[in-house]
Each structure stands twice: as C-alpha cells, then as structure tokens.
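S.K.: Before anything else, here's the structure in question.
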Amino acid sequence: MEEGMEDRHDVPDPDAVHEQEPLLSWGEPPIDEEDETLAPNVNMKKAPAVDADQEPGVPSYEEVDLDSAALRAQGHEAALKRSFSPLAALGLGFSITNSWVGYLSCFGQNLVYGGPQSVVFGLLVATVVQWIITLGLSEVASAFPSSGGQYHFVFILAPRRHKQFAAFVVGWMTLLGWWIVTCSGISLCVVTVAGMINFWNNDFRATQWQLYLIYLATVFITSAPLFLCPRLVPKITQATLFLSVLGFLVSFALVIGLKKHTQPSSFITQPGLGTSGWRSGTAWVIGLGNAMYAYGGTDGAIHIAEEIPQPGRKVPQVMNLTMLIGFLTAFPLSVAMMYGVTDINAVVKSSLPSAEVFYQVTGRKPVVTFMMCWIILIYYSCLTSQWVTAGRMTWAFARDHGIPFSDYFTHVSPKHASPTRATFLSLLFCSIYGLLYLASTTAFNSIVTSAVLYLNITYAIPQAILLLRGRSKSLPAHRPFHLGRWGYVCNALTPLLVTVIVVFICFPPQLPVTVGNMNYTPVILVGLFGVILAFWFTTGRRFMGPKIDWELLGVRLE
C-alpha cells in the first residue's frame, strides 16, 4: 500500500483530467469553478495492451491506469485483473438478488401476514424502499469504488477519531452478512430439492442429517468453478443472467397460458386475509420486511469493483439495473400467481409454497416439475456469484487487517488470479454454519434473517454519516454517478427506512407467541454484535484501514 502512495511525482495537473472524455452516462452535475480542485488527480499515461484471453471489452488503454490511480488514492494497489465485463458484472449482481426466484422462496409468509394483497403490494412497496436505499449506496460506490464496500466508505467518511472503530464494526457486519446470506442461498437449494421430493411423495420427510448432506453437496458443487476454472467465472455469471431471465419468461408464459381459474381483482386487493394474529397494519409492515428479501444483496457488484473497468460508472449502473430487472421479473409473476391461486391455506401449509401455487394454477404435476427443476438450476448457478462476492469481501477486509491471520488471507493465487484462501475461508464458515441444520432449522433461519438485516444496516450507516458530515465536502465533485439534490432525499430516508424495517422484523411472526414461533432475531442481532465487539477488543487494534491520499482522492474531510 505504502509504495503506491510514495510515487506522486508523475501525477499531472488536475486540469488535465478535465480535458478527457467524461465518464458520465447518467447525467453530469453542474461544475462550479471553485470546486474544480476537488477532481481526483489521476495518472493518465497509457496502459499496456490487454491479454488475448481477457474478457472482450475489458479493459482498454487509459482505463486500467485511471482505475488503478483511483484505487491508489484510496490506499490500495491493484491486485486483481479487471476481468468482469459490464455484462458479466450485471450477471453477478442480478444472480445474487435474482428477485423473482428469491421471492418465490418467501412469498408464502406474506400470505400469512396479509394474503394476496401483501404478496403483490408488499413487493411493490419493498421495491421502492430498497431502490431508495440502493440509489444512495450506489452514489457512494461511484465516488469510492473498492472491493471493501461499506466498511471502506465508512472509513473514508467517518470523523477521524471514530473511523477505525466504525469501519471495523461495519466491516464485520458486512462480512458476517455475506457469509450467512450465502448460507441462505445454499439453504434455498436444500429446501427446494427436499420440497420437490415431498411434492411427488407426500410421505417423505427429510431428516436433519439428510438435509445437511444435501447442504454440503451444494457447497462443493457451487464453489467448484472458483477453484477448477476461475477464468470462466465471468462467463458463468453471464450465463446465469440469461438462464434466470429465460426461466422467468417460460414460467410467466406457463402460468398465464395454462391457468385454469382467474380470481377477481377484488381478491387481490381484499384486506384482512392474513392469519398471523397481528392487526392488518402491523402485519402489513412486517410483511414488507419479508418482501425485501427479493432484493437482498444489492451491494454485490461493489465487491468486484476492483475487477470491473471504470467501476465508478459501471458499478452504479449494475446496481440499479439489478433493481430494474428484479422488479420487471418478480412483480408480474407474483401478480399472475395471485390471480391463479385457488386455496391460500394449502399454499401456506405446503413445504414448498411455490410448487403448490404452480400446481393450483396449471393442475399438471409434470409442468410443475419442469418449472421447479429450472428454478433449482437457477438457485444452484446463482451461488457461484455469492461465493465470488463473499470471497472478495473477505479478501478486502483481510487486506486492511480486519480479520485474524490477515496476512495469510490476503494472498492472491497466481494460478487462479483470485483470492482462493479468502474464498476457502468463506466456504469453511458456511460448511460449519450448516451444522445448525442438525440442531435447529429455526435457529438457522433466524440467523439468516439477522444477516439480511445486517446488510441493510451497513447500507444505511455510510449514508447517515455522509448526510451528517455534508455531501459537498464528503464526495468528489466529479464523481461519475451524481444524484444531485435527490442524494439528500436518499441519504435521509435510508437510515429511517432501515430503522423501521429492523424494528418490525424483530416482531414475532405470529400471535400468540409460543416457544415454537418465537422470533429469535433480536437476540441474534445482539449476539452477533457481541461477537464483533469481542473481535475488536482482541484483534481489532491491528485494523488501521486503508492509507488514504486525501488530496488525490479529492475530498475535504481530512
């Protein structure tokens, strides 16, 4: 790190940057003369030619040096190839959220909270809420593109006396969040496979050890490409994007074309169909938190920022296109399903609600099997992207000495051109965490819910700091993605919305509360935070964060 910060003699005058073709694609902010000194001073010399086996379009000429200079200003030297094209990055971002298949895994709980109304309109409101959060986060990612993501933003934005502790806590929240969210993706594969067996054989009930064996098999199958054929990973993420979009089109066409019954519109809008025991308003807000699972992990593209050309421009585009594709796939399918469902109680009681709805709509088991096999294939293919993101986040945090044995886990394998040790650590954590299946699936799912909340909290913290410290002095004036006045709206609403979500998700899912339906999320949130504090007092003092060149970065915070 320090070597990159010493070589400052070849940095040109900042005005030279302004002569280059602008990198903006979503509108440029007005530039005041007095703010021109805030432009990042980047090295403009020509980069070497791209390898012949590089992903087409990644990268070219000045892009490499511009991106490396921007990263150097943030305290790091480039260590990974920029091998993800914009399409491959979009494939990774969308395959992580994969809204339509993600919502298929949890919409049954919305039926409990408020019936079809909660399923359809809860998703609509969740889209607006998550998009506000994502817009604000993507602007910060545009200003400070780094694989470290949220903890890196906090370290840059927070006051000097608080930045080390705040960044360390956010870093561990992000790391634990991504590790456990990856476990959630593995769990979806397990539950769906077991559910399809039960769909054809009603007497089948998978034991805990059988579920864990499926879980372990999923871990090894989905992580294999990162170790056996790492150069093909960008192509795999692209293929997953096409597989998912095509799967949506096929599923939507089958639901519409084979529908045997159509509910009236009043059935979709009718209130009071929930069975949770909560009053309608409270149940509806709790259901909103559940619907936001459809957009979990919108920060995925941030953690490969150092492997994308022009990340300041491309990462925000990927994040917002992920939201757009997610809405255009999840919302139409949820509406079509609710118009075709005939027995809500049967769906709620089913071990696999999505398969039950498809069966009620089409009435044909072979068709349902075909649809669910396609969805299982999507679930499995999406996990490769989650392993990439979890591994990159682990590697970035280790690079700043945020985890024990950080020197070991910062290693980038020359053979694989990726941080294989950090990825293996993520794999090891998920394998051990899966043992909770043997003890309690309730505990397993409660921790997963807590992890999703942790990620949303990490989206809110840098935006709250940004708002409090002042956007004009905290962000470079010439960042590629500029929200203008709307940035204040996003930065102000995000902490408020996340706080409301955190509070209501901690409510018990049903009344009256029993040992069986108790919500352990509040206990786990506090417990995980306790673990983070324990790390702070034992190893946290080694975490110093990146060595920022404030002048080169172009902000007034230091």
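S.K.: From 231, 205, which residue is assigned to a helix (DSSP H, G or I), farther than 30 Å from residue 473 by Cα and among the basic types (Lys, Arg)? Explain how you work it out, then say what you get.
M.R.: On the way: 205 fails: assigned to a helix (DSSP H, G or I).
Criteria check complete, one pass: 231.
S.K.: Condition check: assigned to a helix (DSSP H, G or I) and farther than 30 Å from residue 514 by Cβ. Does residue 211 satisfy that?
M.R.: Details: assigned to a helix (DSSP H, G or I): yes; farther than 30 Å from residue 514 by Cβ: no.
Against the criterion (assigned to a helix (DSSP H, G or I) and farther than 30 Å from residue 514 by Cβ), residue 211 does not qualify.
S.K.: So, one more: Give, as residue ranges, the helices (runs of 4 or more DSSP H) completely inside the stretch 351-445 that count at least 1 residues that are free of Cβ contacts under 8 Å to residues at least 40 places away in the same chain and more than 29 Å from residue 329 (Cα to Cα). Show your work before the answer.
M.R.: Numbers: elements: 353-362, 365-399, 406-409, 420-433, 436-439.
Of the helices (runs of 4 or more DSSP H) lying wholly inside the stretch 351-445, those with at least 1 residues that are free of Cβ contacts under 8 Å to residues at least 40 places away in the same chain and more than 29 Å from residue 329 (Cα to Cα) span 365-399, 406-409, 420-433, 436-439.
S.K.: Checking residue 352 against (1) modelled with pLDDT of 95 or more; (2) buried (at least 24 other Cβ atoms within 10 Å of the Cβ), which single condition isn't satisfied?
M.R.: It fails just one condition, (1).
S.K.: From the list 124, 137, which one is out of contact with any Ser or Thr (no Cβ under 7 Å at 6 or more places or on another chain), assigned to a helix (DSSP H, G or I) and either crowded, with 24+ Cβ neighbours inside 10 Å or modelled with pLDDT under 95 (or both)? Outline the logic, then answer.
M.R.: On the way: 124 fails: either crowded, with 24+ Cβ neighbours inside 10 Å or modelled with pLDDT under 95 (or both).
Testing whether each residue is out of contact with any Ser or Thr (no Cβ under 7 Å at 6 or more places or on another chain), assigned to a helix (DSSP H, G or I) and either crowded, with 24+ Cβ neighbours inside 10 Å or modelled with pLDDT under 95 (or both) leaves just 137.
S.K.: Can you tell me how many residues within the stretch 523-541 are over 11 Å from residue 402 (Cα atoms) and among the hydroxyl-bearing types (Ser, Thr, Tyr)?
M.R.: Residues that pass the stated criteria total 1.
S.K.: Here's another thing I want to ask about it. Select from the stretch 431-452 the residues that are at pLDDT 85 or above and either within 19 Å of residue 286 (Cβ to Cβ) or open to solvent by less than 40 Å² (accessible area, probe 1.4 Å) (or both) and list them in ascending order. Before the answer, list the steps.
M.R.: Keep residues of the stretch 431-452 that are at pLDDT 85 or above, which gives 431-435.
Residues satisfying the conditions are 431, 433, 434.
S.K.: Identify, please: which residue in the stretch 215-239 is open to solvent by 30 Å² or more (accessible area, probe 1.4 Å) and in contact with a Phe, Trp or Tyr (Cβ under 9 Å, 6 or more places away or on another chain) and is, among those, nearest to residue 380 (Cα to Cα)?
M.R.: Among those residues, the one meeting the criterion is 221.
Condition check ((1) more than 23 Å from residue 141 (Cβ to Cβ); (2) under 15 Å from the mean Cα position of the chain (by Cα); (3) of a type in the set (A, V, I, L, M, F, W, C)) across all residues:
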{"residue": "154", "(1), (2), (3)": "no, no, yes"}
{"residue": "157", "(1), (2), (3)": "no, no, yes"}
{"residue": "178", "(1), (2), (3)": "no, yes, yes"}
{"residue": "187", "(1), (2), (3)": "yes, no, no"}
{"residue": "192", "(1), (2), (3)": "yes, no, no"}
{"residue": "195", "(1), (2), (3)": "yes, no, no"}
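S.K.: Being in a helix (DSSP H, G or I) and at pLDDT 90 or above is true for just one of 455, 483. Which residue is that?
M.R.: On the way: 483 fails: in a helix (DSSP H, G or I).
One residue alone meets the criteria, 455.
S.K.: Being farther than 30 Å from residue 70 by Cα, in contact with a helix residue (DSSP H, G or I) (Cβ under 8 Å, 6 or more places away or on another chain) and open to solvent by less than 20 Å² (accessible area, probe 1.4 Å) is the requirement here; does residue 474 meet it?
M.R.: Working: farther than 30 Å from residue 70 by Cα: no; in contact with a helix residue (DSSP H, G or I) (Cβ under 8 Å, 6 or more places away or on another chain): yes; open to solvent by less than 20 Å² (accessible area, probe 1.4 Å): yes.
Criteria not met by residue 474.
S.K.: Report yes if residue 154 is at pLDDT 95 or above, assigned to a helix (DSSP H, G or I), among the aliphatic types (A, V, I, L, M) and within 28 Å of residue 338 (Cα to Cα), otherwise no.
M.R.: Details: at pLDDT 95 or above: yes; assigned to a helix (DSSP H, G or I): yes; among the aliphatic types (A, V, I, L, M): yes; within 28 Å of residue 338 (Cα to Cα): no.
Judged against the criteria, residue 154 is not a match.
S.K.: Using the structure shown, decide if residue 28 is assigned to a loop (DSSP other than H, G, I, E, B), closer than 26 Å to residue 411 by Cβ, of a type outside the set (Gly, Ala, Ser) and at pLDDT below 90.
M.R.: Numbers: assigned to a loop (DSSP other than H, G, I, E, B): yes; closer than 26 Å to residue 411 by Cβ: no; of a type outside the set (Gly, Ala, Ser): yes; at pLDDT below 90: yes.
Here the answer is no, as residue 28 does not meet what is asked.
S.K.: Give the residue, chosen from 362, 282, that is open to solvent by less than 30 Å² (accessible area, probe 1.4 Å), out of contact with any strand residue (DSSP E or B) (no Cβ under 8 Å at 6 or more places or on another chain), of a type in the set (S, T, N, Q) and more than 23 Å from residue 91 (Cβ to Cβ).
M.R.: Details: 282 fails: open to solvent by less than 30 Å² (accessible area, probe 1.4 Å).
Of the residues listed, the single one that is open to solvent by less than 30 Å² (accessible area, probe 1.4 Å), out of contact with any strand residue (DSSP E or B) (no Cβ under 8 Å at 6 or more places or on another chain), of a type in the set (S, T, N, Q) and more than 23 Å from residue 91 (Cβ to Cβ) is 362.
S.K.: Let me ask something additional. Tell me, please, whether a residue that is assigned to a loop (DSSP other than H, G, I, E, B) and either touching a helix residue (DSSP H, G or I) at 6+ places or on another chain (Cβ under 6 Å) or surrounded by fewer than 19 Cβ atoms within 10 Å (Cβ to Cβ) (or both) can be found in the stretch 486-498.
M.R.: First, pick out the residues of the stretch 486-498 that are assigned to a loop (DSSP other than H, G, I, E, B): none.
No: the stretch 486-498 contains no residue that is assigned to a loop (DSSP other than H, G, I, E, B) and either touching a helix residue (DSSP H, G or I) at 6+ places or on another chain (Cβ under 6 Å) or surrounded by fewer than 19 Cβ atoms within 10 Å (Cβ to Cβ) (or both).
S.K.: Only one of these is within 16 Å of the chain's Cα centre (by Cα) and hydrophobic (A, V, I, L, M, F, W, C): 200, 172. Name it.
M.R.: Of the residues listed, the single one that is within 16 Å of the chain's Cα centre (by Cα) and hydrophobic (A, V, I, L, M, F, W, C) is 172.
S.K.: If residue 271 meets every condition in (1) of a type outside the set (Gly, Ala, Ser); (2) within 25 Å of residue 125 (Cβ to Cβ); (3) buried (at least 18 other Cβ atoms within 10 Å of the Cβ) apart from one, which number is that one?
M.R.: It is condition (3) that residue 271 fails.
S.K.: As an exercise: evaluate residue 389 against (1) of a type in the set (Val, Ile, Thr); (2) in contact with a His (Cβ under 7 Å, 6 or more places away or on another chain); (3) buried (at least 21 other Cβ atoms within 10 Å of the Cβ); (4) more than 30 Å from residue 542 (Cα to Cα) and give the number of the one condition it does not meet.
M.R.: Residue 389 satisfies all of (1) of a type in the set (Val, Ile, Thr); (2) in contact with a His (Cβ under 7 Å, 6 or more places away or on another chain); (3) buried (at least 21 other Cβ atoms within 10 Å of the Cβ); (4) more than 30 Å from residue 542 (Cα to Cα) except (4).
S.K.: Another question, then. Any residue at all in the stretch 159-167 that's free of Cβ contacts under 8 Å to residues at least 40 places away in the same chain and either outside any loop (DSSP other than H, G, I, E, B) or closer than 23 Å to residue 72 by Cβ (or both)?
M.R.: Residues of the stretch 159-167 free of Cβ contacts under 8 Å to residues at least 40 places away in the same chain: 161-162.
Add one more test, that the residue is either outside any loop (DSSP other than H, G, I, E, B) or closer than 23 Å to residue 72 by Cβ (or both), and what stays is 161-162.
Yes, the stretch 159-167 contains at least one residue that is free of Cβ contacts under 8 Å to residues at least 40 places away in the same chain and either outside any loop (DSSP other than H, G, I, E, B) or closer than 23 Å to residue 72 by Cβ (or both).
S.K.: Kindly check whether there is at least one residue in the stretch 417-430 that is over 24 Å from residue 97 (Cα atoms), open to solvent by 10 Å² or more (accessible area, probe 1.4 Å) and modelled with pLDDT under 95.
M.R.: So in the stretch 417-430, the residues over 24 Å from residue 97 (Cα atoms) come out as 417, 421.
Checking the rest, the ones that are also open to solvent by 10 Å² or more (accessible area, probe 1.4 Å) come to 417, 421.
Narrowing further to those that are modelled with pLDDT under 95: 417.
Yes, there is a match, as at least one residue in the stretch 417-430 is over 24 Å from residue 97 (Cα atoms), open to solvent by 10 Å² or more (accessible area, probe 1.4 Å) and modelled with pLDDT under 95.
The values are calculated or read from the model by the stated rules, or taken from the named source; none is laboratory data. Please read all numbers here as calculations on a predicted model, not as lab measurements. Note that each Cβ is placed from the backbone with ideal geometry, even for glycine, and that neighbours are counted across all protein chains shown. Note: areas computed on protein heavy atoms with side chains; ligands, DNA, RNA excluded. Shrake-Rupley method; radii C 1.70, N 1.55, O 1.52, S 1.80 Å.
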